[in-house]
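Enquirer: My questions all concern the structure below.
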Amino acid sequence: MPFLYDTHIHTSQASKCGGSTGAEHARAYKELGFQGIIITDHFFGGNTAVPRDLPWKERVDIFCSGYEDALIEGQKIGLDVFFGWEQNFMHDEYLIYGLDKRWLLDHPEMEHWTRAQQLSEVHKYGGCVVQAHPFRDRNYIDHIRLGLQYCDAVEVLNMGNQPYNDAAAYRYAKEYGLPMTAGSDNHHADYSLADPAERICSIQLPRRMDSIQDYVQLIRQKEEIPFFVPNGRFDVTPDAPQLESFWLDENEQCQPTGRDWLQK
């Protein structure tokens with residue numbers, strides 16, 4: 001049987017939009033038969049639950065508390081729990097994998113990095129960067145910003161998206177040869193248990209991951225990563241309105257792509 005891992009989960013301890021603790025998520029995913037989860041709370045540039053006026057160490061301690069809560073519970077019940085985070089720029093968001101709490105404590109300057117600095121420094125220390133839900137269109141998002149130069153992979157299946165958002169991400173990733181990832185973007189453990197077919201997707205691997213570096217290497221080496229989609233919602237040809245998208249150029253400014261990624 002494949003080993004299931006959800007790569008995109010938010011906790012109430014560190015994400016303002018989170019509705020469940022790390023431990024609650026751990027128990028829910030164990031009940032669903034998952035091998036592991038990656039906690040990716042909103043970092044300080046995004047919808048964080050961490051007060052911004054605290055000293056750096058205190059902020060990092062609070063930020064990591066959701067992951068640590070999940071880790072402790074996972075160790076009790078036999079669920080692997082790994083650490084990451086989601087950083088926001090101008091509603092283009094990036095999932096960071098492969099670095100840890102000690103690294104965060106040692107690098108307070110990272111809060112103010114540009115996208116280019118983020119990618120360079122994360123690579124320097126052995127991690128990877130995945131653009132999360134790149135074609136998400138919401139009323140608070142003024143532009144769909146594509147960080148082709150600033151990520152290693154693209155999340156093409158996200159259960160917080162509309163199917164046409166995922167279809168556009170899939171076609172974009174295929175055209176540029178970007179590795180593709182999948183994650184539930186789960187904020188509520190009870191959603192997982194109430195109707196997992198509507199709320200949960202994941203990657204499925206042929207072997208158990210020993211550490212988060214196993215996932216980083218799959219992405220950095222451009223390996224194909226199989227998905228687990230229990231309700232079969234991943235459709236790359238849905239009908240949808242045109243999605244106007246913009247490149248982030250070498251100065252991280254928007255330039256129109258002139259492309260509709262949903263055109264057949």
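Enquirer: Mind checking which residues of the stretch 124-153 are touching a residue at least 60 places away in the same chain (Cβ under 8 Å), part of a helix (DSSP H, G or I) and surrounded by fewer than 21 Cβ atoms within 10 Å (Cβ to Cβ)?
Expert: Answer for the stretch 124-153, where residues must be touching a residue at least 60 places away in the same chain (Cβ under 8 Å), part of a helix (DSSP H, G or I) and surrounded by fewer than 21 Cβ atoms within 10 Å (Cβ to Cβ): Leu148, Gln149.
Enquirer: Can I ask one more? Is it the case, given these coordinates, that Lys101 is among the basic types (Lys, Arg), touching a Cys at 6+ places or on another chain (Cβ under 6 Å) and touching a residue at least 40 places away in the same chain (Cβ under 8 Å)?
Expert: Taking the combined requirement at face value, the residue satisfies it.
Enquirer: Search the stretch 198-211 for residues being closer than 21 Å to Val129 by Cβ and crowded, with 21+ Cβ neighbours inside 10 Å, and hand back the single one that is modelled with the lowest pLDDT.
Expert: Out of the qualifying residues, it is Cys201.
Enquirer: Okay, moving on. Determine the pairs where a residue that is touching a residue at least 60 places away in the same chain (Cβ under 8 Å), located within the stretch 50-64, has a partner that is loosely packed, with under 11 Cβ neighbours inside 10 Å with Cβ atoms under 8 Å apart, the partner being 6 or more residues away or on another chain.
Expert: none
Enquirer: Can you tell me how many residues in the stretch 1-28 are modelled with pLDDT of 95 or more and either of a type in the set (Val, Ile, Thr) or closer than 22 Å to Leu218 by Cβ (or both)?
Expert: 9
Enquirer: Separate question: How many residues are surrounded by 15 or more Cβ atoms within 10 Å (Cβ to Cβ) and either hydrophobic (A, V, I, L, M, F, W, C) or in contact (Cβ under 8 Å) with a residue 60 or more places away in the chain (or both) if we restrict to the stretch 85-98?
Expert: The number of residues fulfilling the criteria is 8.
Enquirer: For the structure I just gave you, tell me whether Ile219 is modelled with pLDDT under 95 and either farther than 25 Å from Leu4 by Cβ or not hydroxyl-bearing (Ser, Thr, Tyr) (or both).
Expert: In short, no.
Enquirer: Right, here's the next one. So Asp92 clears everything in (1) of a type in the set (D, E, K, R); (2) at pLDDT 95 or above; (3) touching a helix residue (DSSP H, G or I) at 6+ places or on another chain (Cβ under 9 Å); (4) over 19 Å from Glu250 (Cβ atoms) except one condition, right? Which one?
Expert: Every condition holds for Asp92 apart from (4).
Enquirer: Something else: List pairs: first in the stretch 5-31 and aromatic (Phe, Trp, Tyr), second in a loop (DSSP other than H, G, I, E, B), Cβ under 7 Å, 6+ apart or cross-chain?
Expert: Tyr5/Phe34; Tyr5/Gln35; Tyr5/Met209; Tyr29/Leu79
Enquirer: For the stretch 30-67, give me the residue count where each residue is at pLDDT 95 or above and in a helix (DSSP H, G or I).
Expert: Count: 13.
Enquirer: For His91, only one of the following conditions fails: (1) over 20 Å from Ala132 (Cα atoms); (2) in a loop (DSSP other than H, G, I, E, B). What is its number?
Expert: Exception for His91: condition (1).
Enquirer: Restricting attention to the stretch 107-123, which residues are exposed (fewer than 13 other Cβ atoms within 10 Å of the Cβ) and closer than 14 Å to Phe89 by Cα?
Expert: His112, Thr114
Enquirer: Sticking with this structure for a sec: Looking at this structure, is Gly177 small (Gly, Ala, Ser) and surrounded by 15 or more Cβ atoms within 10 Å (Cβ to Cβ)?
Expert: No.
Enquirer: Out of all the residues in the stretch 68-76, is one or more out of contact with any Lys or Arg (no Cβ under 9 Å at 6 or more places or on another chain), surrounded by 23 or more Cβ atoms within 10 Å (Cβ to Cβ) and not polar (S, T, N, Q)?
Expert: yes
Enquirer: Scan Asp195, Asp166 and give me the residue that is crowded, with 21+ Cβ neighbours inside 10 Å and out of contact with any Ser or Thr (no Cβ under 6 Å at 6 or more places or on another chain).
Expert: Asp166
Enquirer: Only residues that are modelled with pLDDT of 95 or more and over 17 Å from the mean Cα position of the chain (by Cα): list them for the stretch 124-140, please.
Expert: Lys124, Tyr125, Gly126
Enquirer: State the number of residues belonging to the stretch 17-57 that are surrounded by fewer than 21 Cβ atoms within 10 Å (Cβ to Cβ) and touching a Cys at 6+ places or on another chain (Cβ under 9 Å).
Expert: So the count comes out to 2.
The values are calculated or read from the model by the stated rules, or taken from the named source; none is laboratory data. From a predicted model like this one, the values you see are computed outputs, not experimental measurements. Note that each Cβ is placed from the backbone with ideal geometry, even for glycine, and that neighbours are counted across all protein chains shown.
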